[in-house]
């Protein structure tokens with residue numbers, strides 16, 4: 001079983017003026033939410049560990065988990081609001097973002113939830129801003145410290161400066177995680193924000209030296225690069241008519257974890273011993289999955305039969 005830790009929220013899009021105000025369209029979102037759904041759609045049993053509101057927005061998120069078949073035993077239902085990310089577009093088509101998350105449920109995950117971790121858990125994925133804000137960050141770090149010597153830890157920082165604008169917070173978290181993470185996946189866009197001008201190979205080698213079994217850098221339309229115990233590898237981009245890229249990175253991560261599980265490599269030692277052919281097949285599978293998501297609207301992640 002996989003356990004995905006982090007936030008589930010609503011992206012709220014302004015749809016235009018109404019006679020009395022504005023029209024709004026709220027869509028379920030959050031990078032960890034996407035990864036959990038992506039894993040389940042690819043045939044992997046998956047639980048979500050995170051805080052959900054007991055209000056109507058939290059109930060809608062819970063229904064979404066149930067509809068997708070995500071295991072809910074690690075959810076903490078809290079008397080707190082649900083995070084909203086408001087997205088508007090001006091007359092020139094330029095988007096603007098407002099984030100409402102202070103003291104919301106996804107930031108208030110209590111340490112008691114750690115006792116709900118299923119015994120059959122083989123890998124735990126962490127991602128996005130839940131690793132850098134509030135009580136949730138402390139709880140998740142405690143889980144990493146407790147589990148990283150016996151279960152696979154996967155991490156995608158998925159930097160969100162509109163939540164935590166201090167780059168040093170993201171850098172220090174990434175360095176802390178690199179020493180405890182077996183599979184570190186990060187986009188070149190995030191690395192450009194955090195380490196402008198630093199060669200990707202230098203960063204990857206630094207994190208491998210810290211303890212990561214593999215570092216994978218996704219590069220959008222240019223494919224992906226990986227540094228592993230079997231050497232450096234590259235996944236070529238899969239050509240697709242792009243509708244949008246929402247959820248592509250989350251799809252890549254879910255598919256990469258799925259491929260590793262299907263190869264029997266989902267253990268700290270298994271990741272270190274996987275040969276170059278196994279890694280290449282894993283990266284290519286993840287790239288194909290991400291391309292499917294890019295070919296349709298929104299974070300509509302693929303199912304196993306589509307691959």
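The values are calculated or read from the model by the stated rules, or taken from the named source; none is laboratory data. Bear in mind that the values here come from a model prediction, so they are computed numbers and not experimental data. Note that we place each Cβ from the backbone using ideal geometry, even for glycine, and neighbour counts take in every protein chain shown.
When each of 221, 197 is tested for being in a helix (DSSP H, G or I) and either modelled with pLDDT under 95 or surrounded by fewer than 21 Cβ atoms within 10 Å (Cβ to Cβ) (or both), the lone residue that passes is 221. When you scan the stretch 246-259, do you find a residue that is surrounded by fewer than 14 Cβ atoms within 10 Å (Cβ to Cβ) and not in a helix (DSSP H, G or I), even just one? So far as the stretch 246-259 goes, no, none of its residues is surrounded by fewer than 14 Cβ atoms within 10 Å (Cβ to Cβ) and not in a helix (DSSP H, G or I). On inspection, residue 266 does not qualify as closer than 15 Å to residue 40 by Cβ, part of a loop (DSSP other than H, G, I, E, B) and modelled with pLDDT of 95 or more.
Here the condition is being outside any helix (DSSP H, G or I) and surrounded by fewer than 21 Cβ atoms within 10 Å (Cβ to Cβ); of 62, 24, it holds for 24 alone. Residues in the stretch 294-305 that are at pLDDT below 95 and touching a helix residue (DSSP H, G or I) at 6+ places or on another chain (Cβ under 6 Å) were compared, and the one that is surrounded by the most Cβ atoms within 10 Å (Cβ to Cβ) is 299.
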